[in-house]
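Peer 1: I'd like to ask you about the structure that follows.
The values are calculated or read from the model by the stated rules, or taken from the named source; none is laboratory data. Quick caveat, the model's predicted, so the values are computed rather than measured. Here the Cβ is made from the backbone with ideal geometry for all residues, glycine too, and neighbour counts use every protein chain on show.
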């Protein structure tokens with residue numbers, strides 16, 4: 001299983017996700033409300049490389065949803081609260097060392113939100129919300145792990 005698949009499976013366990021039956025897509029967000037996506041971000045992966053060939057790396061991604069949004073302030077607050085809770089959930093999971101399971105030679109160290117959730121795109125009754133996150137992990141050295 002590659003990293004984005006591990007993250008997808010892991011985020012699918014978040015208790016704050018509504019209507020998870022529709023799943024979490026990768027690099028595609030449907031037009032339906034309450035849709036979720038993991039968007040891969042182009043960031044430097046290697047944070048530190050050690051003499052033995054191991055490295056500390058990061059995998060940056062955007063967690064995105066399409067939500068009902070409009071003049072109903074209660075709904076808009078609920079959307080905002082979801083992203084606040086999602087960020088807290090990631091932080092708690094890291095503290096508990098309940099992290100994504102990665103493939104051989106990689107060990108997750110923490111997963112965290114780097115930004116708060118925000119409205120990225122809005123129309124009359126829907127909005128796209130985003131929160132930037134990252135997974136920090138150790139990778140063993142060697143040709144099989146590059």
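Peer 1: Is it the case that residue 130 is under 17 Å from residue 43 (Cβ atoms) and under 15 Å from the mean Cα position of the chain (by Cα)? Talk me through it step by step, then tell me what you get.
Peer 2: On the way: under 17 Å from residue 43 (Cβ atoms): yes; under 15 Å from the mean Cα position of the chain (by Cα): yes.
Criteria met by residue 130.
Peer 1: Cβ-Cβ below 7 Å, separation at least six or inter-chain, first residue in the range 1-30 and closer than 17 Å to residue 93 by Cβ, second modelled with pLDDT of 85 or more and exposed (fewer than 13 other Cβ atoms within 10 Å of the Cβ): which pairs?
Peer 2: 6/101; 20/12; 24/12
Peer 1: Then there's this: Show the residue pairs that are 6+ apart or on different chains and have beta-carbon atoms under 8 Å apart, the first residue being within the range 56-82 and over 30 Å from residue 42 (Cα atoms), the second being in a helix (DSSP H, G or I).
Peer 2: Every condition considered, the pairs that remain are 70/76.
Peer 1: Can you name the condition, by its number, that residue 80 falls short on among (1) in contact with a strand residue (DSSP E or B) (Cβ under 7 Å, 6 or more places away or on another chain); (2) on the phi < 0 side of the Ramachandran plot?
Peer 2: (1)
Peer 1: A further question on this structure: Would you check if residue 122 is touching a residue at least 24 places away in the same chain (Cβ under 8 Å), over 15 Å from residue 57 (Cβ atoms) and loosely packed, with under 14 Cβ neighbours inside 10 Å? Full working, then the answer.
Peer 2: Values: touching a residue at least 24 places away in the same chain (Cβ under 8 Å): yes; over 15 Å from residue 57 (Cβ atoms): yes; loosely packed, with under 14 Cβ neighbours inside 10 Å: yes.
Judged against the criteria, residue 122 is a match.
Peer 1: While we're on this one: Looking only at the range 1-29, how many residues end up being assigned to a loop (DSSP other than H, G, I, E, B) and modelled with pLDDT under 85? Give the steps one after another, and end with the answer.
Peer 2: Going residue by residue through the range 1-29, those that are assigned to a loop (DSSP other than H, G, I, E, B) are 1-2, 12-19, 23, 27-29.
Cutting the leftovers down to modelled with pLDDT under 85 gives us 1, 18-19, 23.
The number of residues fulfilling the criteria is 4.
Peer 1: Scan (1) loosely packed, with under 15 Cβ neighbours inside 10 Å; (2) modelled with pLDDT under 90; (3) in contact with a helix residue (DSSP H, G or I) (Cβ under 9 Å, 6 or more places away or on another chain) for the single condition residue 35 breaks and write down its number.
Peer 2: Every listed condition holds for residue 35 apart from (1).
Peer 1: Taking residue 59, is it touching a helix residue (DSSP H, G or I) at 6+ places or on another chain (Cβ under 6 Å), farther than 22 Å from residue 139 by Cβ and either assigned to a loop (DSSP other than H, G, I, E, B) or modelled with pLDDT of 95 or more (or both)? Quick ask: steps written out before the conclusion?
Peer 2: Numbers: touching a helix residue (DSSP H, G or I) at 6+ places or on another chain (Cβ under 6 Å): yes; farther than 22 Å from residue 139 by Cβ: no; either assigned to a loop (DSSP other than H, G, I, E, B) or modelled with pLDDT of 95 or more (or both): yes.
Taking the combined requirement at face value, the residue does not satisfy it.
Peer 1: Does residue 38 meet the test of being within 16 Å of the chain's Cα centre (by Cα), within 23 Å of residue 16 (Cβ to Cβ), in a strand (DSSP E or B) and touching a residue at least 60 places away in the same chain (Cβ under 8 Å)? So that I can check it myself, show each step before the final result.
Peer 2: On the way: within 16 Å of the chain's Cα centre (by Cα): yes; within 23 Å of residue 16 (Cβ to Cβ): yes; in a strand (DSSP E or B): yes; touching a residue at least 60 places away in the same chain (Cβ under 8 Å): no.
Here the answer is no, as residue 38 does not meet what is asked.
Peer 1: Something else now. Looking only at residues that are part of a helix (DSSP H, G or I) and more than 16 Å from the chain's Cα centre (by Cα) in the range 81-118, which one is surrounded by the most Cβ atoms within 10 Å (Cβ to Cβ)? Give the derivation first.
Peer 2: Applying the first criterion (part of a helix (DSSP H, G or I)) to the range 81-118 yields 81-95.
Keeping just the survivors that are more than 16 Å from the chain's Cα centre (by Cα) gives 81, 95.
Details: 81: 12, 95: 9.
Applying the filter and picking the extreme gives 81.
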